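Scroll down for the structure; my scribbles are underneath it.
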Amino acid sequence: MVNVQVTVGLSHSGTLVPSRGASSLAAVEWRYSVYSIDKINDFKITLNGVEIKRVKSCKYLGVIIDDELKFDVHIDFIYNKLIRYIGIFYKLAQKLPYFCHKNIYCAFVNSHVAYGIEIYANSSMTLLHKLHVLNNKLLHILQQ
């Protein structure tokens, strides 16, 4: 039998996430995060006498969710993924015919930006601004 001791208020929720490559419950390194606006420092979970590690963010279905639900980690992840395409798009825009540019944008940029946008688009405009500027820059490169 597994004993889980949780000390948390009713307004807080926690998620247990197994690490990658784990095949069974015994071989799993468990982690948890608490999603709350309030700072909770004394929250501990033990599983079979082993304390489970708390993480600030975790990736769930491709969206990185941080413990304050700001999505700044996810926006930075998308930004760093898309910024690599600037140099590639400059070269491709000159070598490929114009009708291919829309397909390139939809395949490499729009798919990353649009995935999970319903979740992370409610974050602050300051966080989304750099992603918006980068998106416009990539579009501008392909329209030349």
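Every number here is computed from the coordinates shown, using simple stated rules; none is lab data. Here the structure is a predicted model, which means the values were calculated and not measured. Neighbour counts run over all protein chains shown; Cβ positions are idealised from the backbone, glycine included.
The mean sequence separation of alpha-carbon pairs under 8 Å and at least six residues apart, normalised by the residue count of region 34-144, gives a relative contact order of 29 percent.
In terms of distances greater than 22 angstrom between alpha carbons, the cross-link table entries 70/137; 59/137; 70/130 yield 70/137; 59/137. When 55, 109 are arranged by Cβ crowding within 10 Å, least crowded first, meaning fewest neighbours, the order is 55, 109.
Taking a ≥ b ≥ c as the square roots of the eigenvalues of the Cα gyration tensor, region 72-143 is prolate, since a/c reaches 1.5 or more and a/b is larger than b/c. The fewest-to-most ranking of 33, 124 by surrounding Cβ atoms within 10 Å reads 124, 33. Within the shell defined by Cβ-Cβ distances under 13 Å, the residues around residue 64 carry a net charge of -1, with Lys and Arg each +1 and Asp and Glu each -1.
Using a/c under 1.5 as the rounded threshold, could you call region 29-79 rounded, prolate or oblate? The axes a ≥ b ≥ c are square roots of the C-alpha gyration tensor eigenvalues, and prolate needs a/b larger than b/c, oblate otherwise.
Verdict is oblate for region 29-79.
Sorted ascending by nearby beta carbons within 10 Å, beginning with the fewest, 68, 29 become 29, 68.
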